[in-house]
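Novice: Quick one: the structure is below, and I'll ask about it shortly.
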Amino acid sequence: MFFIGIFGIQDKDKYIGNCSNIECPSCGRLSMYEIHKVYRYFHIFFIPLFRWNVRYFVKTPCCGRLYELDPFVGREFEKNPGTEINRENLRQVNLPFRYCVNCKTEVPAEFSYCPYCGGKL
Ligand SMILES: [Zn+2]
Ligand SMILES: [Zn+2]
């Protein structure tokens, strides 16, 4: 069997841009949205053949929250990076972990301090 690496299924997380000067829906600070597109694809010889399960996510770097973005708005944003993203288009994802603002490491949600850099979460 020599199929390993020739074809397979992979997940892709693609950063597609950001939207600055927004008020963070979680902590209220002046911040920005980082928009990511996440999809799963099937490839043969590293050539993606088709993709499915396309979803858009928004991260707020100020407090490390993650939101699922309305796919319609996500597609619009991809075509036109000036597209406005409203709070109503976002649905907060409750993660079992959070991102440390200082070192960007995933930390379990119940932690108050980052075990990697000691920063307050
Ligand atoms: Zn925030
Ligand atoms: Zn940290």
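Novice: Show the residue pairs that are 6+ apart or on different chains and have beta-carbon atoms under 8 Å apart, the first residue being within segment 102-121 and in contact (Cβ under 8 Å) with a residue 24 or more places away in the chain, the second being within 15 Å of ligand 1 (Cβ to nearest atom) and outside any loop (DSSP other than H, G, I, E, B).
Specialist: Within 8 Å, the pairs are LEU121/ARG98.
Novice: Here's a follow-up. Mind listing just one residue for me: the one in segment 41-63 that is in a loop (DSSP other than H, G, I, E, B) and in contact (Cβ under 8 Å) with a residue 24 or more places away in the chain and, of those, surrounded by the most Cβ atoms within 10 Å (Cβ to Cβ)?
Specialist: Here the answer is CYS63.
Novice: Shifting gears a bit: I'd like to know if segment 39-54 contains one or more residues that are of a type outside the set (Ser, Thr, Tyr) and within 16 Å of ligand 1 (Cβ to nearest atom).
Specialist: no
Novice: Just one of GLU76, GLU34 is closer than 30 Å to PRO115 by Cβ, away from ligand 2 (no atom under 16 Å from the Cβ) and of a type in the set (Asp, Glu); which is it?
Specialist: GLU34
Novice: Moving on. Restricting attention to segment 64-78, does a residue exist that is farther than 20 Å from SER20 by Cβ and assigned to a loop (DSSP other than H, G, I, E, B)?
Specialist: No, the conditions are met nowhere in segment 64-78.
Novice: Among the numbered criteria (1) free of Cβ contacts under 8 Å to residues at least 40 places away in the same chain; (2) assigned to a strand (DSSP E or B); (3) touching a helix residue (DSSP H, G or I) at 6+ places or on another chain (Cβ under 6 Å); (4) of a type outside the set (Ser, Thr, Tyr), which one does VAL38 miss?
Specialist: (3)
Rundown of residues vs (1) at pLDDT 90 or above; (2) touching a helix residue (DSSP H, G or I) at 6+ places or on another chain (Cβ under 6 Å), yes/no style:
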{"site": "GLY5", "(1), (2)": "no, no"}
{"site": "TYR15", "(1), (2)": "yes, no"}
{"site": "ASN21", "(1), (2)": "yes, no"}
{"site": "TYR33", "(1), (2)": "yes, no"}
{"site": "PHE57", "(1), (2)": "yes, no"}
{"site": "TYR67", "(1), (2)": "yes, no"}
{"site": "ASN86", "(1), (2)": "yes, no"}
{"site": "ASN89", "(1), (2)": "yes, yes"}
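Novice: Report, by residue number, each residue of segment 47-63 that is of a type outside the set (Val, Ile, Thr) and over 13 Å from CYS19 (Cα atoms).
Specialist: PRO48, LEU49, PHE50, ARG51, TRP52, ASN53, ARG55, TYR56, CYS62, CYS63
Novice: Separate question: Can you name the residue in segment 71-121 that is of a type in the set (Gly, Ala, Ser) and within 16 Å of ligand 1 (Cβ to nearest atom) and, of all such residues, is nearest to TYR56 (Cα to Cα)?
Specialist: ALA109
Novice: Go through segment 81-121 and report how many residues are touching a Pro at 6+ places or on another chain (Cβ under 8 Å), part of a loop (DSSP other than H, G, I, E, B) and more than 10 Å from ligand 2 (Cβ to nearest atom).
Specialist: Count: 2.
The values are calculated or read from the model by the stated rules, or taken from the named source; none is laboratory data. If you're wondering where the values come from, they're calculated on a predicted model, not measured in any experiment. Heads up, the Cβs are rebuilt from the backbone with ideal geometry, glycines too, and the neighbour counts pull from every protein chain shown.
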